[in-house]
Amino acid sequence: MSKCTNNKRSIPHERSVENIHKYFKPLNDLSNQIIPTQLPSSSSESSSSCKPSSSSSKPSSSSSKSSSSSKSSSSEPSSSSEIQQIYANDAPANNTSEFSQSVHNTSLLVDKISHLSMNNEKIALCNSFKHISIAGADSIISDEPVVVVQSNVDIQSFDTSVSDRSNGISLVVHGTSENNELNQRDILSTHLLQIEFYLKSCQNLIKESTRLDIPHKAFVEKTQAFVIELKKILDPLDATCREQIENINVQFSNVDFISAKSTDKISRDPAYWSANGKFTEEELRYLVHKGPMQPVLKDYPKNVTLAAQNATCKFASKWFNEYPMLEYSQTTDKVYCFACRLFYKGPGSEKVDLAWIKIGVQSWAKMKGRGKDRKGKLDQHFTSSSHLASMYRLSVFKNKYANVECLMDANNRLANQKEESILRINTKIIETFFDCTLFLAKQGLAFRRDPQEHGNFIQLIHLLRRYDPLLNSWFNEEKFKSHHISYTSARSQDEFIEHIGNYVIGSIVQQVQNAPFYSVMIDSTPDCSHREIYSLVIRYVDNDLNVHERVICLKELPSKTGQSICDFILHILHNYHISTDCLIGQCYDNAPNMSGCRRGVQNCMKIALKRDIIHIPCGGHTANLAVKHACECSTEYIRFFDLIEEIYVFFTSSINRYHTLRTQINSSTSALTVKNLSITRWSANYESINAICRSIPEITNTFKIIINNIDDKIVNNTDNKLTLDDKKTKQQSINLEKKFLSFEFTLLLHFLNQVTQQTQSLTSHLQKKTLDLVTASHLLLNTNKILLEWRNDDLFLEKLIKECDDQVLSNGVDIDSELSRYHHQRLRSIKNDSNYKTGVRLDRVEYYKKLMIEILDYIVISLTDYHKVVEEKLQYFSTILPGRINYLTLANANKITEIVPSISSAEILFSELQLLKNDIDSVTELPEFINKFKLIANGYPNAKRVYQFILALPITVATNERSFSKLKLIKSRLRSNLMPDKAEWLIIASTERDLLENIDLSKFAQEWSRLKNRRVKIVSNL
């Protein structure tokens, strides 16, 4: 039996792991005493699995014999090649405290922290990682089986198998590779270096314990924060130690006995491929160390067919000198490329030829040339881009893993460990910067101001530095200042914002690309810098039948023509690689340039795409315009809203008057402050009317208080103090109070409060993102029914008039004289009507009933017309909705198949809908059926596609309006110089903030580091 190599590790890996576990267990217990936590499930599982299994604790008789001989030979130094039988020791369990131990005083904390910081075992433990040496790769012999032994004794590499001469068997211990053990040590050392860094803060705490100017509570809070940060490292370190100890125990229990004649080795034959088609890291290291398989034979096999043609008929060994990466397989009589065979996967190898990797090349006549001015197969491959890319990956692999000198140098490894620790810290810092950017972007807050140090981003970093010692040290420690860069400048902040904005847009684009159908909605508004900003929203349905409406862009367009807006939409979709084949619907407001049937955007889209795109006018705008125009149908309603605006201006134009009104409102539990009538907000009419309707007594008392205060000045002979404004205020108060308490205003106030309450409820439901067209149609129909019932119910109108009569009479208003004064009916001229005396004269009740019916008729007609438009869009889908499925016919299925693309056939669709008939009949609304259908949708692919089509149809542009609200908040008067792209990223990030809730900041940091060559390096996961 040949000698074993003398390459040894002075400190075994498993002994180091046990020392780490032994040292940090008291530290972890102490941290649990200060801040008790539950032991992680992974740690508990690993601790329970640390004990060796029964199979490993009871070796076979043959292994016992080998073990006894090993123990006798290991007691004294010897060069014998016997292998010892190793028993793994049980790892101690981590007994975490179940209860919180209160901190009595400062000295108790100081004693505990001092014990940890002054413990010298940590120094010896860190030094144990320096004494490492590695067996050279030459110890792996290609022609003989390999025996690898990893235990808590010296690790040895044998060039022959270890045989039991009596039984004729070989013992093979399966374990991890040498390099894997070193990587595990590096992981542990990285954690230790981070702990060493945090213990500097522990020394500062010890110094602060003697300072009398620091309160005890503040010191305890700092200590608690320190322990929390320390536990973030101790818990993973404890789990890692337990896992590695468990793996070591498993390795020593995994002992197999194989035949001595077995040839378990790494094959160098280029024609050989493993079952999974991949090379392990150990195989790659071995094959790269040995190099290409280039056997030089006296004679190579001939191709009889080529020999008959007087062409090159066999392989030539001289080609090895011309092409160093060329390999030859004696088993297949074919050639391969060594570099491409091992490293063909990666960038630049999209056009790789598998013949040089797996299949093999045997066209000997075409190797050196294939005609005039045509390269041979050898020149063509070894000069190709895919081969050069594989060569680059081969060189990277050699530099990374084959540098034995670097691995054997303990000082270099220690330096690499420190560098890895710094890279991890840098990564955490960049993640913190991204987290700060996310916070400010989602909240819509400004990042910078003048001076720059007072900006929100930098101030937020300073705030975190107070509670994060690692972040504070990154700015202060000298070892982190090698490049003198902090990445808090305006340019760096813009890079963070751009990265987050592109991530959100990219996520939306990817979801839209995966959706079967989508619709577009667009609207515009001017910003504070006098630019016309267009907001493009896409509504789509995912494969789980969930409806989404996402803002995909906010850009300037200096034009309002329909064709320009149409080109703008198609340009955005083309830039984001969103296919227009899936575009099925469009929704705009009622402006002529948007919804016009000739030059509007909706018609321009149909012409550009050469097919019908379902156009649905915005339901929110339609309902708002119906109420707005109805309120202008007569002079009585115009005077009513003018009075509301006049009351608002009267109180808000004076500090004293508004203070008096606010005092009265605060004394009430139900009153609301007055609100103005907004032109743009859909809910403005209802909010203004409802506020006054709930505050009638408070507003009346305010008028009286203002008048009495001015009268008191006159009574107290203070005429010289009365100003012209006081007299004007008194007169305005008297006039407004008289109009406010009038019967007409009171009646219209209560009547319009109920009408606008219904229309406001309709508008609020229409603004929901998940609302579908079918549910919107039901809402319109039900609202119309309620308003129509009021219009035809004389008792309801008369009752309302009677209630207003009682309220007005209690205030001393003469109802009859008011009607005759303001609504005196003139007789028609005799020239126009000879029977003028027979004209109808309405009494007071009939007159006001006619006034209320007039506005109800206008609203009902407007909503009815819009409901007809919606029903027209759904006419072919009405028979597959709840309550109408019984009317479904094969003809309806044929029509649906013509509208909805990619349906297999009308017959299959009809069959699927018939199977779903009971489920559809069991509900009354489409959303209820969709919630049930989600569970079984994959079993009905055609029906699922039809319902996705219906759900993707839009109903309002409310999402566009919400994005404009964000635009007003983010690009305000103080931020009017915000660049367009940056404003777009911030608005979209704030609007679609749900996409940023559970993101991986480490991926952000990785992508940010790859954008360009950064001065501060971070950990790379590639």
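Table for the structure above
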{"item": "Dipole magnitude of the range 878-952, debye to nearest 20 (Cβ charges: Lys/Arg +1, Asp/Glu -1, about Cα centre)", "result": "100 debye"}
{"item": "Separation of the residue 847 and residue 332 label points, Cα + 7 Å toward Cβ, nm", "result": "10.4 nm"}
{"item": "Dipole of the range 626-665 [Lys/Arg +1, Asp/Glu -1 at C-beta], most positive-end residue of 630, 640, 654", "result": "654"}
{"item": "Mean-position separation - Cα centroids, the range 772-826 and the range 878-952, in angstrom", "result": "43 Å"}
{"item": "When each of 232/442; 318/358; 628/982; 345/368 is checked by Cα-Cα distance, pairs over 25 Å", "result": "232/442; 628/982; 345/368"}
{"item": "Residue among 187, 233, 218 farthest towards the positive dipole end of the range 181-252, charges placed on Cβ", "result": "218"}
{"item": "The range 270-383: C-alpha gyration tensor shape, a/c 1.5 cut-off, then a/b vs b/c", "result": "prolate"}
{"item": "Solvent-accessible area of residue 208 with every protein chain in place, 1.4 Å probe, in Å² to the nearest 10", "result": "40 Å²"}
{"item": "Test item: Cα-centred dipole of the range 181-252, Lys/Arg +1 and Asp/Glu -1 on Cβ, debye", "result": "360 debye"}
{"item": "Sites residue 908 and residue 204, calculated FRET efficiency, Cβ-Cβ separation with R0 56 Å, nearest 0.05", "result": "0.15"}
{"item": "List 723, 746, ordered by accessible area with a 1.4 Å probe, largest first", "result": "723, 746"}
{"item": "For the range 947-1022, radius of gyration divided by Kirkwood radius, i.e. Rg to Rh on alpha-carbons", "result": "1.13"}
{"item": "Distance violations [Cα-Cα > 21 Å] among 302/366; 302/375; 895/932; 200/222", "result": "302/375; 895/932"}
{"item": "Exposure of residue 1009 as accessible area (Å², to 10), given a probe of 1.4 Å and all protein chains", "result": "30 Å²"}
{"item": "Nonlocal amide H pairs with residue 517, under 5 Å, H built at 1.01 Å", "result": "541"}
{"item": "Karplus-derived 3J(HN,Hα), 6.51/-1.76/1.60, for each residue of the range 222-237, Hz, glycine and proline x", "result": "5, 5, 4, 4, 5, 5, 4, 5, 5, 5, 4, 9, 5, 4, x, 5"}
{"item": "Zone residues, the range 488-505, relative to residue 577, backbone N less than 18 Å from point 7 Å out along Cα-to-Cβ", "result": "502-505"}
{"item": "Protection proxy ranking, peptides 496-509, 347-360, average beta carbon neighbours within 10 Å, highest first", "result": "496-509, 347-360"}
{"item": "Selection from 899, 929, 881 lying farthest towards where the dipole of the range 878-952 points positive, charges on Cβ", "result": "899"}
{"item": "Residue order for 669, 663, 437, 897 - accessible surface, 1.4 angstrom probe, largest first", "result": "669, 663, 897, 437"}
{"item": "Estimated dipole of the range 523-603 in Debye, rounded to 20 [Cβ of Lys and Arg +1, of Asp and Glu -1, Cα centre]", "result": "300 debye"}
{"item": "Between the range 230-250 and the range 516-591, the alpha-carbon center distance in angstrom", "result": "53 Å"}
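The values are calculated or read from the model by the stated rules, or taken from the named source; none is laboratory data. Keep in mind it's a predicted model, so treat the numbers as computed, not measured. Neighbour counts are summed over all protein chains in view; Cβ atoms, including those assigned to glycine, are modelled from backbone coordinates with ideal geometry. Only protein heavy atoms, including side chains, enter the accessible area calculation; ligands, DNA and RNA are left aside. Shrake-Rupley method; radii C 1.70, N 1.55, O 1.52, S 1.80 Å.
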